[in-house]
Every structure is written in C-alpha cells, then in structure tokens.
Amino acid sequence: MVADVDRRTVLGALAAAGGTALAGCSAFEREADGRTRPVDDETARALATRFAPTLYFDSREPWFPTDPRPYTSERDGQTVVTGFDAVDGYHERDGDGSPPNPTVFYHAVEYESSPLAVVQFWCYSAFDQFTTNFHWHDWEVLHVFVDTETDEPQLYVASSHSRTVPNNEYLDPDPDMVPRILSELGSHSSALSVNEAADRFQRVAVGDLLADITNTAIEGIEDLADVPLAYGLPRDEGSRLPYLVPEYEGEPIYEHERLPSVTRESLIDDELTVRSFDSLTSPPTDLPSRETGLVFRHRERTGAADADVEYDLVPSSDLEHIADFTGPQLSFEFRIPAAVEDAVAGHLTATGTPWSQPRYDNPAADISVPNHRTALAERYDAIGEAAPINTVVSRVTDVIASDDAPANEGLTTTEIDLEAVVLLESEPEAVPTFDGIAVARDIPAGDHRLTVNGAGRAPHSERVTVSDDGAPTAAGVDGEIPLVARDRATKLEVGDERGTSDLSRVAVEDDFAGRLYESAVDGRDAVYVDRGGAYTTEVRDADDAIGAYRVNPDPDAESAVRIERPETGKASLASFVADVAEETRAEIAAIGDDDDGDGDDGAEYEDNGSSNAVTGLERSLAAVVDAARRAVERARANERGTTDRQLETVLERLQRAEERLAEARTDVPASLSNATGKRLEQASRRTEQARRAEKLAGGQ
C-alpha cells in the first residue's frame, strides 16, 4: 500500500515537476469532429478483448456492473427498464452474495479517413447512491482511443460524475498495460490506475510512482495552481465523504412496497451514511476511508493479476433495442440560505440510454481536458481543436476559532476535513468537491447563484459572474469559500423583509480571519456566520456608496442577527467606528484602572499624566468614540464640512490610540492586544472611506 501523502508534499512535488496549465486554451475555437462509423465486428471484438479493463471496487460497494436485460418490460410498445424492476431484481438475484450477471458492454467506432479508432466500455449498475445525488440506473464509460496504424493507445478517458466535473484522463498510456478502473463507492465514478499501485489512485507523481492522470492544472487560485484539474477518487486520497439515504415520497426506498427484496443492508453501510445534511449539528468525524473490495476482470484475459469475479464482455448493440431506463423522482435536500430558507431537489431520475448520447458515436465529445483534445487534434485531422471552457473554481474551507483571538471574538480558516457539495443554479445536478476543491466547468457566461452544502454545516450561497472568455472564475473571496459548523452558525440577515432596499453588494469580515464572504445582492441578503466571530458587515448600494456595521453574535443565542435598514455614507461608517472603538474600550477598561478621567475631546486624557499604559489606551479609545459619534451627528445634520473636519479628528485619535496600544502591549493579554490592533486598523480604513464618501447619510 502506498503511504498517504499530505497536501504540502503534493504541492511541492507538482511545483518541482512543473505542469502544463490551461493558459492559452481559450484561444482555440472548437472545431467539429470528423464523422465516425462502426468498426467491423471482428476488429471491435479484438480491440475490446485487448483493452478490457480490470475493475476495482470499494469493499462496501452494493451495486456491481450487471446486465440490465433480465429486468426489461414492455411499455406502450417499447422495451424499457424501470428502476423498481432493476433494483429489486438485482437484489433478489444477489441473495447468495455473488454479484449477479457480471457484464461489461463494449462499442467501437472509427473516424472516417483517419487511423483513429475508439473502443468504449460501458458499465451498467442498477442504482446510484452518493453524496450529491442518487438515481435509478447508472452508466459509466471508459473510452480508449487507439491508433490503428501504430496499434498504440493514444488516450484514456474515464467518466466522472457529470459534464461539469472533469473526467479522469491519461494521454499516451503504456501500450502493454491493461487499463484499470477504480470505481467510486455508490456513484461508480471512474478513476484511472496506470501506475504500479494497482488499487490506489495517485493524483501526482511522487518518487518512482507515476500519476494516474495527465489532466492539466487548476487556474484561478494561487495555491492550487499546480493541482491537476480532475475529480480523481477522493476517499482514496484521504478525503471523507458522507453518503445520503435515498427517499421516495418521503420514505427510504427500502421501505417501498415495490422493493420487497431491498433492505437497509442493501444500501451503503450505516457507518458512511447520514439521513440528511441538516440532521447533523456538526460534521461527522468517524467516516471510514476507502478499502479495496472485489476485483473484476474479463473472463478471457490470461496472465493477469488475481481477480475475484470474471465478467462477460458483450457488444452494446445487444442492448440497443431498449428504449429507456426509467424511474420516479427521488428526493434530495439542498439548502440555500436565502432570507427565507429554501430547499431544492432537481436531480435526474435516470441516466437515459448510452446510444442516445452524442459521445456514443463521437467519443471525442467526452474529452474534458482541452490540452488532451489539442494533442489529438495535432495528430488527427478528425479531431477538432479545443474550445474555450468557462470554469468556476473555489477552495472550500472550514471556519474555526483563532488561537490568537479572545474567546468568541475571532476566527481563522483551515483545510476542510469532509467533502462538500456544490450546486450552480444553471446546472441540473450538484457536484462533489475533491480535496476541498470545488470545480464546475462548461458553465454559460453570465450571472449565477452558487450554493455549497456540507454534512453538519450551514449552507453558503453567493452570486458569481462568469465571463465568456474561457478564463476561470474564482468563487468566494480570493477563491475561498469558508463553511460554518451548524452548531456554531447564526444567520446574518441584511435588509428588510419587504426587500425594498437598494443594496447591491454585501461583504462580511472577521477581525482575525479577514473577509469571509462577499456577494452581489438584490436588495437583501442572508449568510451564515460563526457565533465565535467578531464581524464587520460592509454594504454597498446601487450607487456603490459604502456603509459598515459591527456584528458580534451572542455565542449562546440561536436567533438570527438582522441589520434591518442598512445605510451607506459618512454617518454609517462613522457610527461603525464609534461602535468598534466602544466595544474595544470596554474590554480594555475591564482589565485596567477604573479611573476614567474627565473631558470629551481627548485633551484632558492627554494631560492626565497617568502612568498606567492600559488606562491611557482605554482613554484614547474613549476619545475615538466621542469624536466618531460627533461625526455621525454632523453627517445626519447634513453638515458636510463639519463632518469631514470631525473625521480628521477621528483619524488623529485613532493614531493616538495605536501609539497607546504599543505602550500597553505588555500589560494587555496578547489575544486582546491582537484584537485591538486589528480593530484599530479596520476603524482607520472605514474612517478613510467616510472621508472620501459623497453621501452623508441615507437609508436603503
């Protein structure tokens, strides 16, 4: 077994090896691929026998590749396979513990006037149960592109979850190696294995171990610039995935009267499963990682490694009389943190037939890596050049308390330890993250709403604008989307319930973690925040005027925090400065001298002569509070000149407070000293914004 490799090692190895990024691919315009025709039966069988893959399954896999023909029925003069018949029939035949009718179907085509041929291997499973979706029937495919003149394979393309997730691909594989597929538990997404560790997925080359993919790198996020853009096999890479229990009409499918052969034990094991993401108050921590279970190989293959099951290799043409694979809609809960919580269920009920899909007759349509398409286009006129691909990418992280902050007053983010689920409103299905990376490709240009869910986590939702130039769009803040554990989450709502404000943008910053959220909005917004944070909520109106509000959630409260009628302009920003300075003054006063002195303009604080540095800091903060409140009064009185002069005074007193903080640092607890410094920086920035603001005061 190959030792687990941590993220830093992976990034270091990639940086050393270098990588081919996607830069420049958007300059290509997708050309039409050449026409294909079926390969003659003898050649097709020879190709299929030569490249028939060895299949490795998870030890907890319940649905193996099988033949759907025993489950066909007639409907309106057509042959169909219903979900109820397939699932119940499969488990009825599975009663002795042996996978029923192990079968892989093949289909071969060649491009006209070209030496390029492709043999496809289609695997049918009766059901799909996963983190992001579940549906009756499941088809997965491996494409093997072969040059018939040199007799060498050119490219492997192994299907992933959907067209929005890059396939796992390998250019120029070893012609003497039998392809290997590592099937993801429940979903059957296909990872490649071409290195010496036959049953493990390797994203990057480490030492003498080859990478299992030649997918190119992620663009758009600096610290992911060398990570290959492919779904891979997360549970084999140290990631953890919680699976969901499929329901029909509000009940688990194993309780349905039309599935008498299906029990709870027929599905993914309990230890990997949650009833819903909302059912947990915190992310699960004890999910097991992947272990190799049954190994399938073609029964005619000789001299291969030991296998547990031998499968039949059957031409897919034997199935083409089947008109459809059907089944009723299954439910999937997916929360969207609108001002009023929404839930959507939009997953497909079935996958349809392979022979109705464009990739069946034109396998090049399934090449998801532009550089791979370009490589084949340079070798074969039948393959068109790559097209621009719009990609949305982000790194999903966890929000945790910062060790440098006072208790319940500061956060930081860390690498996610449980994979999440991502949904774009323009797409019919959600996609999983891999190693915390969220990727959605081939997205139409324009405005979209992106939502991220995770087991035991509060949902995150934001608007993203995708350009039409093929350049990647980094979602979140600088490509990062932090998620909050549900038991620590509070909803922050901005704007009144009637939605009459003209807010255009909302951002949320924590004193220690920095900016955690930013999104365009339409009048109002809602975002989940950790109750252990201390926040600045920034709002912008339709004129791009800025306002700011201090938000300190009660760690023990469960009710939402609402900024009912947010304002922008000088008054709002100065009021924020007064609030954050008063908050900090009170905390400093609690550890310092109770002698507050007199005066309201700061002069007597200067002349007090106190040798107590903490008291001096507290008094200088009180002076900031007083000056900021006077600026608010002047702004609301519509006195622009007086307001700006008062803001100059605020800046002077903030500078004085920073000097007093430097003097008091040894007498103030380190966490509070850190917080005070960060808040003074925030207050100075907001005061400068207030000075530059055109608007004095204004409701939304």
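The values are calculated or read from the model by the stated rules, or taken from the named source; none is laboratory data. Owing to the predicted nature of the structure, the values given are computational and were not obtained by experimental measurement. In this analysis, Cβ positions are derived from the backbone assuming ideal geometry, glycine residues included, and neighbour counts consider all displayed protein chains. These accessible areas exclude ligands, DNA and RNA; they are computed on the full protein's heavy atoms, side chains included. Shrake-Rupley method; radii C 1.70, N 1.55, O 1.52, S 1.80 Å.
Determine whether Arg463 is touching a strand residue (DSSP E or B) at 6+ places or on another chain (Cβ under 8 Å), within 24 Å of Leu492 (Cβ to Cβ), basic (Lys, Arg) and crowded, with 22+ Cβ neighbours inside 10 Å. No; evaluated as a whole, the condition is false for this residue. Against the condition over 25 Å from Pro252 (Cβ atoms), at pLDDT 95 or above and assigned by the TED database to the domain that holds Pro354, how does Thr79 come out, does it pass? Against the criterion (over 25 Å from Pro252 (Cβ atoms), at pLDDT 95 or above and assigned by the TED database to the domain that holds Pro354), Thr79 qualifies. Can you find a residue that is in the same structural domain as Glu257 (by the TED database), more than 30 Å from Val421 (Cβ to Cβ) and part of a strand (DSSP E or B) anywhere in segment 162-169? No, the conditions are met nowhere in segment 162-169. Screening the candidates Glu196, Glu152, Glu112 for the property of being out of contact with any Asp or Glu (no Cβ under 6 Å at 6 or more places or on another chain) and modelled with pLDDT under 95 yields one hit, Glu196.
Does Thr451 satisfy the criteria of being in a strand (DSSP E or B), in the same structural domain as Asp556 (by the TED database), of a type in the set (Val, Ile, Thr) and open to solvent by 40 Å² or more (accessible area, probe 1.4 Å)? No, not satisfied. Residues that are aliphatic (A, V, I, L, M) and surrounded by 18 or more Cβ atoms within 10 Å (Cβ to Cβ) within segment 508-521 comprise Val508, Ala513, Leu516, Val521, listed in sequence order. Quick test of your reading of the structure: Glu291 fulfils all but one of (1) touching a Phe, Trp or Tyr at 6+ places or on another chain (Cβ under 8 Å); (2) touching a residue at least 60 places away in the same chain (Cβ under 8 Å); (3) among the acidic types (Asp, Glu). Name the failing condition by number. Evaluating Glu291 over (1) touching a Phe, Trp or Tyr at 6+ places or on another chain (Cβ under 8 Å); (2) touching a residue at least 60 places away in the same chain (Cβ under 8 Å); (3) among the acidic types (Asp, Glu) leaves (1) as the failure. Residues that are surrounded by fewer than 21 Cβ atoms within 10 Å (Cβ to Cβ) and polar (S, T, N, Q) number at least 2 in the following strands (runs of 3 or more DSSP E) confined to segment 38-110: 72-75, 78-82.
Filtering segment 117-129 for residues that are open to solvent by 20 Å² or more (accessible area, probe 1.4 Å), within 23 Å of Arg373 (Cβ to Cβ) and among the hydrophobic types (A, V, I, L, M, F, W, C) leaves an empty set. Would you confirm, using the coordinates I've provided, whether Pro363 is under 30 Å from Asp67 (Cβ atoms), outside the structural domain of Glu169 (by the TED database) and crowded, with 20+ Cβ neighbours inside 10 Å? Spelling it out, it is not the case that Pro363 is under 30 Å from Asp67 (Cβ atoms), outside the structural domain of Glu169 (by the TED database) and crowded, with 20+ Cβ neighbours inside 10 Å.
Of the residues making up segment 406-446, those that are open to solvent by less than 10 Å² (accessible area, probe 1.4 Å) and in a loop (DSSP other than H, G, I, E, B) number 8.
Scanning segment 141-170 for residues that are buried (at least 20 other Cβ atoms within 10 Å of the Cβ) and farther than 19 Å from Phe434 by Cα yields Val141, Leu142, His143, Val144, Phe145, Val146, Pro153, Gln154, Leu155, Tyr156. What about Arg505, is it open to solvent by 20 Å² or more (accessible area, probe 1.4 Å), in contact with an Asp or Glu (Cβ under 6 Å, 6 or more places away or on another chain) and assigned to a strand (DSSP E or B)? No. Against the test of being under 25 Å from the mean Cα position of the chain (by Cα) and either surrounded by 19 or more Cβ atoms within 10 Å (Cβ to Cβ) or within 24 Å of Thr687 (Cβ to Cβ) (or both), the options Arg550, Arg524, Arg540, Arg565 yield a single qualifying residue, Arg524.
Determine, yes or no, whether Asp398 is surrounded by fewer than 19 Cβ atoms within 10 Å (Cβ to Cβ) and either in contact (Cβ under 8 Å) with a residue 40 or more places away in the chain or not in a helix (DSSP H, G or I) (or both). For Asp398, the condition - surrounded by fewer than 19 Cβ atoms within 10 Å (Cβ to Cβ) and either in contact (Cβ under 8 Å) with a residue 40 or more places away in the chain or not in a helix (DSSP H, G or I) (or both) - is not met. A residue that is touching a residue at least 40 places away in the same chain (Cβ under 8 Å), open to solvent by 10 Å² or more (accessible area, probe 1.4 Å) and acidic (Asp, Glu) can be found somewhere in segment 182-203. Just one of the listed residues (Asp138, Asp199) is in the same structural domain as Ile218 (by the TED database), part of a loop (DSSP other than H, G, I, E, B) and on the phi < 0 side of the Ramachandran plot, and it is Asp199.
When you look at Asp468, is it closer than 27 Å to Pro242 by Cβ, in contact (Cβ under 8 Å) with a residue 60 or more places away in the chain and out of contact with any Leu (no Cβ under 7 Å at 6 or more places or on another chain), yes or no? No: the conditions fail for Asp468.
Counted as qualifying within segment 598-700 are the helices (runs of 4 or more DSSP H) with 2 or more residues that are at pLDDT 95 or above, under 19 Å from Ala581 (Cβ atoms) and touching a Leu at 6+ places or on another chain (Cβ under 8 Å), namely 613-636, 640-664, 670-692.
Of the strands (runs of 3 or more DSSP E) entirely within segment 280-328, those holding at least 1 residues that are in the same structural domain as Glu74 (by the TED database), in contact with a helix residue (DSSP H, G or I) (Cβ under 6 Å, 6 or more places away or on another chain) and at pLDDT 95 or above occupy 309-315. A search for C-beta distances below 8 Å between a residue of segment 535-560 that is within 24 Å of Ala405 (Cβ to Cβ) and assigned by the TED database to the domain that holds Val577 and any residue that is open to solvent by less than 10 Å² (accessible area, probe 1.4 Å) and acidic (Asp, Glu), counting only pairs 6+ apart in sequence or on different chains, returns nothing. Look at segment 403-416: where a residue is assigned by the TED database to the domain that holds Arg531 and farther than 15 Å from Asp435 by Cβ and a partner is exposed (fewer than 15 other Cβ atoms within 10 Å of the Cβ) and at pLDDT below 95, sitting 6+ places away or on another chain with Cβ atoms under 6 Å, you get Asn408/Pro555. With respect to the stated conditions, Tyr528 is among the hydroxyl-bearing types (Ser, Thr, Tyr), in contact with a Leu (Cβ under 9 Å, 6 or more places away or on another chain) and touching a residue at least 60 places away in the same chain (Cβ under 8 Å).
For segment 172-181, what are the residues that are buried (at least 18 other Cβ atoms within 10 Å of the Cβ) and within 24 Å of Pro370 (Cβ to Cβ)? If the condition is that a residue be buried (at least 18 other Cβ atoms within 10 Å of the Cβ) and within 24 Å of Pro370 (Cβ to Cβ), then Pro173, Pro179, Ile181 are the ones that fit.
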